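Reviewing the structure listed below.
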Amino acid sequence: MPDFDQRALAEALLADAAKLPGTPSRTEVLLEALTRAVLATTPKPPTHRERLLAIIREAGGRWDAKRAKAAYSTADWIPSVTRARQDLQRLAVEGHLVQIDGSKPPMYELARPDSP
């Protein structure tokens, strides 16, 4: 995955188009078409929730909001504990995780293939 922001690259290319010699309008149109083609063929980066799910799948075990927040920090993104809790709840709603009954604070683990 590239280490640069694709939208920023597109904006930079379009901004520089006006500075090129020749007919700027044609150059701008060509650069915009090229930029759109590159952006359309480049896969979108995973969402933070998708990254969290990948980490949970790799590490396994039981997860609460504090552990999820710590996992995000290894991915260079530090949300609030509230956001981590919401993401765990959403992954459970989507069927990726199951909440462990009666756990306080709520704890989650990977859903088994035979889980509802």
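Tabulated data for the structure shown
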{"item": "Residues located in the stretch 59-79, provided they are modelled with pLDDT of 85 or more and within 17 Å of Thr47 (Cα to Cα)", "result": "Ala68, Lys69, Ala70, Ala71"}
{"item": "Failed criterion for Ser103 (all others in (1) of a type in the set (Gly, Ala, Ser); (2) closer than 30 Å to Ala8 by Cβ; (3) surrounded by 10 or more Cβ atoms within 10 Å (Cβ to Cβ) hold)", "result": "(2)"}
{"item": "Pairs with Cβ under 6 Å, 6+ apart, first in the stretch 35-54 and in contact (Cβ under 8 Å) with a residue 40 or more places away in the chain, second assigned to a helix (DSSP H, G or I) and surrounded by 13 or more Cβ atoms within 10 Å (Cβ to Cβ)", "result": "Arg49/Asp87; Leu53/Leu91"}
{"item": "Residue tally, condition in a loop (DSSP other than H, G, I, E, B) and out of contact with any Phe, Trp or Tyr (no Cβ under 7 Å at 6 or more places or on another chain), over the stretch 63-99", "result": "8"}
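The values are calculated or read from the model by the stated rules, or taken from the named source; none is laboratory data. All values derive from a computational prediction rather than experimental measurement. With ideal geometry, Cβ positions are generated from the backbone for all residues, glycine too; neighbour counts draw on all protein chains shown.
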